[in-house]
Each structure stands twice: as structure tokens, then as C-alpha cells.
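I have placed the structure first, in the form of C-alpha cells, so that the comments after it can refer back to it.
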Amino acid sequence: MRLTTKGRFAVTAMIDIGLRQRLGPVNLAAISQRQQISLSYLEQLFGKLRKHNLVVSVRGPGGGYHLARHSADISVADIIAAVDERGALGTDTDDANDLGEQGASPTSLSRSTEELWASLNQRMLDFLRTVTLQKLVEDQVAKGVELEAPTPTKRAITSAAPVKPVRTRAPNSVFALANAMSKH
């Protein structure tokens, strides 16, 4: 099992959404700014999270992402599995093979440790399945994480009354001014 930066960033972003979901859809740019994660990287991660039905996107002004399921129904294992192409939660024998290059036979090493690595991987997977997004969000709230008020959505159309033009009797051109001055 490999716990990658992708998995860590995905879990961090999902906690951010979990904390703010009652305020409406959460904008990726805001997550990027708060968590110091590249916006383009977040876009890639959220494409995968969306594909695995962990988040839903909302388009338009005030849009963003919200959780596709209740936070109690999303585990850390679900999040990590969604963003890792190599199958972070599957068995990984590459490490054992790498050790074999240091002198021991890969076949003898992998036979003698295969059960150990499989057992360790299963225990980590079982543990990550028990840690829910809701628990992580509750932990952040208990630590006193403060949420900022959402910024109001800007509208292109206003409901203000149109401004009436000011009518003057002043000349509206240089020629009219010259004409008016010659009459006096």
C-alpha cells in the first residue's frame, strides 16, 4: 500500500468540503488558496473524485463541489482509492522486488515476506476503511477550526433604478458654445 501525496491532498480537500458543505458548494479556487494546493492539481483530483461518486459539481455563479454522499459514508480508503491510478490500496510487491536487488534473491525474499506484507496491507486497509470523513471533520471542529463567512455571489444585473440623465441648457459642442457666446 502506498500513501501518496495525491491521497493526502485529496483527503485534505475533502475535509475542507466537509467543513463547509452546509454553506453551499465549495469552490476549488478557495480550497486551493486555503490549503496551498495547486488549482490545476485539485482539478485533476476532483475529476477522479467525481468519477468515483464522492463529489458532485455545481456549475455557474456560486458553483463548486459538494459531497455526493453523507460524510459518514465516505472513508479515507474510498478517497485514496479514487485518486490513485496504481491502486494504492492493493497489494504492492514492488518494494519486495526492490529489496531483492540488494543481494537477496527476489523469489526467496518475496516468499518469506509475502504473508507479512499482505497482512500489513490488509490491516492498513481495514483501518482506513474505519476512518470516515465525518470523523475527520468533527476532529477539525473540535480543534477550533473557524470557518469564514461565504463571499456573496456577484451579479451582472442589478435591481437599482436607472439613473436619469441630467438636463442642462449648456451648449453641447464647441460650435454651440461659440454661437451662444456671439449672441451675448
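A few remarks follow.
- When the trypsin sites (Lys or Arg not before Pro) in segment 29-61 are filtered for DSSP coil states and for at most 11 other beta-carbon atoms within 10 Å of their beta-carbon, the remaining sites are ARG59.
- Counting protein heavy atoms only, segment 1-81 has 48 percent of its accessible area on carbon and sulfur, 1.4 angstrom probe.
The values are calculated or read from the model by the stated rules, or taken from the named source; none is laboratory data. Worth saying up front: this structure is predicted, and the values here are computed from it rather than measured. A quick note on method: Cβ atoms are made from the backbone with ideal geometry, for glycine too, and the neighbour counts reach across all protein chains shown. Heavy atoms of the whole protein, side chains included, go into the accessibility calculation; ligands, DNA and RNA do not. Shrake-Rupley method; radii C 1.70, N 1.55, O 1.52, S 1.80 Å.
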